[in-house]
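Read through the structure below, which is laid out as structure tokens, and then see the notes.
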Amino acid sequence: MSQFTVTRYGHSRFWAVRDSAGDLVCVCVYKRGATEVARRLANLACVNQLQETSSAYKPPLWTPKTLATD
């Protein structure tokens, strides 16, 4: 879980999930929920990295059509 950290949110009873840059991702009421969010986000990031490296070329989802001007 090195990509995301779970810490106290200020001086409150809530828990903050932050990314590796220190940006706030979400605030949770329970620590268990915050660790689960961090775990799922880390797994999602890992899967996205694997998909990006497995396919070097991705065709565009949408290509603009050129209009003939007469």
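Descriptive notes on the structure:
- Other residues with beta-carbon under 11 Å from the beta-carbon of residue 6 carry, at +1 per Lys or Arg and -1 per Asp or Glu, a net charge of +4.
- Size of the stretch 5-52 as Cα extents on the principal axes (Å, biggest first): 39, 21, 11
Each reported figure results from applying straightforward, stated rules to the coordinates on display, with no laboratory input. Given the structure is predicted, the values throughout are model-derived calculations rather than measurements. Heads up, the Cβs are rebuilt from the backbone with ideal geometry, glycines too, and the neighbour counts pull from every protein chain shown.
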